[in-house]
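What follows is one structure encoded as structure tokens, with my remarks underneath.
The values are calculated or read from the model by the stated rules, or taken from the named source; none is laboratory data. None of these values were measured; they are calculated from a predicted model. Heads up, the Cβs are rebuilt from the backbone with ideal geometry, glycines too, and the neighbour counts pull from every protein chain shown.
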Amino acid sequence: MRSTALPLNLALLRNCSLIDPAMSIIKVGLPAAFSNAINPLGLSILTALVALEGEAAVAGFGAAGRLQSFVIVPLLALSGAIGGIVGQNWGAREYGRARQAVLYAAGFCVVWGLAVAIAMIVAGEQFARLFTDDPAVIAEFARYLEIAAWGYAGFGLLIVGNGIMNAVDKASFALLQSVARVFLVMLPVALLLQPAMGSAAIYTAELAANLFGAVTAIVLVRHIFVQRAPAWSKL
């Protein structure tokens, strides 16, 4: 006679609740999703503002953005990996190892961001000629890099900080930081400076937003870790 008993692993499903795990996932996933959606929104608004400065500004901004998307790939990869590393050690109460991972990640962001920024600024016009021969577009491309490239390290610290906060169940902090970066820094700076500075105001706004994001990420991550591991207060 065939047994009607469920296999052990399936039988366990009858006695478990999916509500608590689902709520835990939503608690992190929903703010993280909105946080990731805010950056493209801010970029689209900046593009609309650049469009007011003419075709050369739009072309230079767009081409420089394509190059920028390539050089920040290591930072994006690190932001995706750091959450698993810090989260595992955080859950295991290995706060010293989590701290070490955070410091190494931050150091990489600064070194890579500054090295790439210097390379982009020094060779800005040469890179621009890969996209166009128009002198106006080349000048706009180089102007963007001369200003915005200094924010690469800050952008890296921002997105890595977001990954860390998501990993330690502080996704709401990351969301608030992203909202403040776009709506309290990037857009106000661009709108305030554009009448006097033209397209350079938009590039300056992006730089200001990335520097703000870096500072707030450092402050928030340090605050979170100090609460759990007082040794962080020495940093």
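Among the residues of the stretch 120-154, what is the count of those that are surrounded by fewer than 18 Cβ atoms within 10 Å (Cβ to Cβ) and of a type outside the set (Phe, Trp, Tyr)?
Matching residues across the stretch 120-154 total 14.
Cβ contacts < 8 Å: first residue more than 18 Å from residue 76 (Cβ to Cβ), restricted to the stretch 86-115; second residue of a type in the set (S, T, N, Q), any location; separation 6+ or different chain. Result?
Going by the 8 Å Cβ cut-off, the qualifying pairs are 95/89; 97/89; 98/89.
Tell me which residues, restricted to the stretch 68-111, are closer than 18 Å to residue 174 by Cα and of a type in the set (Phe, Trp, Tyr).
90
Scanning for something within 12 Å of the chain's Cα centre (by Cα), of a type in the set (D, E, K, R) and either closer than 20 Å to residue 43 by Cβ or buried (at least 19 other Cβ atoms within 10 Å of the Cβ) (or both), does the stretch 203-224 turn up at least one residue?
no
Results for (1) at pLDDT 90 or above; (2) surrounded by 24 or more Cβ atoms within 10 Å (Cβ to Cβ); (3) over 15 Å from the mean Cα position of the chain (by Cα), shown as yes or no for each residue.
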residue	(1), (2), (3)
157	yes, yes, no
160	yes, yes, no
167	no, no, no
171	no, no, no
178	no, yes, no
187	yes, no, yes
192	yes, no, yes
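For the stretch 120-140, state whether one or more residues are farther than 17 Å from residue 63 by Cα and not aliphatic (A, V, I, L, M).
No, because not a single residue in the stretch 120-140 is farther than 17 Å from residue 63 by Cα and not aliphatic (A, V, I, L, M).
Of these, 219, 215, 226, 160, which one is under 17 Å from residue 100 (Cα atoms) and out of contact with any helix residue (DSSP H, G or I) (no Cβ under 6 Å at 6 or more places or on another chain)?
219
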